[in-house]
Amino acid sequence: MIDYIQEIKKLKKEKNALILAHYYQISEIQDIADYVGDSLGLAQAAAETKADLIVFAGVHFMAETAKILNPNKKVVLPDLDAGCSLAASCPPVDFAKFRVKYPDHIVLSYINCTAGIKELSDVIVTSGNAVQIVESFPKDQKIIFAPDKNLGGYINQITGRNMILWDGTCEVHNQLTTESIIKLKLIHPDAQVVAHPECDGPVLALADMIGSTTAMLKYTEKTNYKKYIVASETGILYQMKKNSPEKEFLVVPKDETCSCNDCPYMKLNTLEKLYLALKIETPSIELSAQVIERAKKPILKMLDISKKMGLI
Ligand code: 13P
Ligand code: SF4
């Protein structure tokens, strides 16, 4: 029987590899990673690494972003099928047709999109900087926002903008209902509701705090409530409980049959697959030099604006 944790630690040293993990990964993967974070933190960690090999425990668009920022390094994803419903909801061919209808608009895209969409974008945003990046443009700047209509709608609401929204959603967050939250609130009236902006408008209207995974985590650490109802993916509860063991965390269930709320793509990664990806350096992310060159510009713009604003 292979001791995956010991073997991963050994291989990591031997190969000068960096393991990046998103908060929605299983707890064992979060524990073995060099860095655990939200999409913004992960993109920044990928941009700054001196490692020779990047193992990305997350989903495809995240590993693709790491590859775009490190074209000369090998980037491996433990399971190549770890996609994202939001990225899949916006095929580049369809988006290109949509975009030409608005020739005087710039395109701001949520990082949860394919390299093909990034190539068609002016600036990339994440849930950790989207509001600030939108606000960095003049009020009369015309903007198309893709692919998440929930995040885009939320930004429109709080900034008073009228961005044109692509009709995409995350299947994990979009399935959460106000009924599930209200039921939990009735049992736990003292609980604070924290929500990821990929949830739909009515769910966000019930939230006491809305933010990226990192922002939600920090909020639960810094505030002094005893209980939190979390409208997001189950994985984030691991760090919340770890960092605030005295507090209680309740995930908004996806339906009556399950008290969990797992992203089926994020949860494809396992310790065994991570070990194999590190050992045999496959499956790796491959992109043409042309795609990398075009997709890199809006990502670098995002990192640049975020740095100037002190967000990273
Ligand atoms: P964060 O950048 O907030 O971690 O979001 C990533 C994601 O995929 C949420 O569904
Ligand atoms: Fe994509 Fe949603 Fe999974 Fe995040 S939780 S990776 S947006 S499907």
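Summary of computed values
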| item | result |
| --- | --- |
| Inter-label distance for residue 93 and residue 190, nm, one decimal - labels placed 7 Å from Cα along Cα-to-Cβ | 5.7 |
| For residue 246, net neighbour charge (Lys/Arg +1, Asp/Glu -1) across residues whose Cβ lies under 15 Å away | +3 |
| The chain - mean residue ellipticity at 222 nm from DSSP helices (-39,500 (n - 2.57) per run, n ≥ 4, rounded to 500) | -12500 deg cm²/dmol |
| Net charge of neighbours whose Cβ lies under 12 Å from the Cβ of residue 302, counting Lys and Arg as +1 and Asp and Glu as -1 | +4 |
| Under 5 Å, built H, 5+ apart or other chain: amide partners of residue 107 | 122, 123, 144 |
| Ranked 180, 109, criterion: other C-beta atoms within 10 Å, fewest first | 180, 109 |
| Nearest-0.05 FRET efficiency for residue 308 and residue 224, computed from C-beta distance (R0 51 Å) | 0.95 |
| Mean-position separation - Cα centroids, the stretch 145-167 and the stretch 78-118, in angstrom | 15 |
| Sites matching GluC sites (Glu not before Pro) across the stretch 231-268 that sit in DSSP coil, with at most 10 neighbouring C-beta atoms within 10 Å | 246, 256 |
| Net lengthening on full extension, residue 142/residue 102 (0.36 nm per residue, minus Cα-Cα) | 13.5 nm |
| Extended-chain gain in nm, criterion 0.36 nm per residue less alpha-carbon gap, residue 300 and residue 15 | 99.9 nm |
| Normalised alpha carbon radius of gyration of the chain [divisor 2.2 N^0.38 Å] | 0.98 |
| Rg(Cα) / (2.2 N^0.38 Å) computed for the stretch 1-69, rounded to two decimals | 1.06 |
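Values quoted throughout were computed directly from the atomic coordinates according to the rules given, and no laboratory measurement underlies them. Since the structure is predicted, the reported quantities are computational estimates derived from the model, not experimental observations. Cβ: placed from backbone, ideal geometry, glycine included. Neighbour counts: every protein chain shown.
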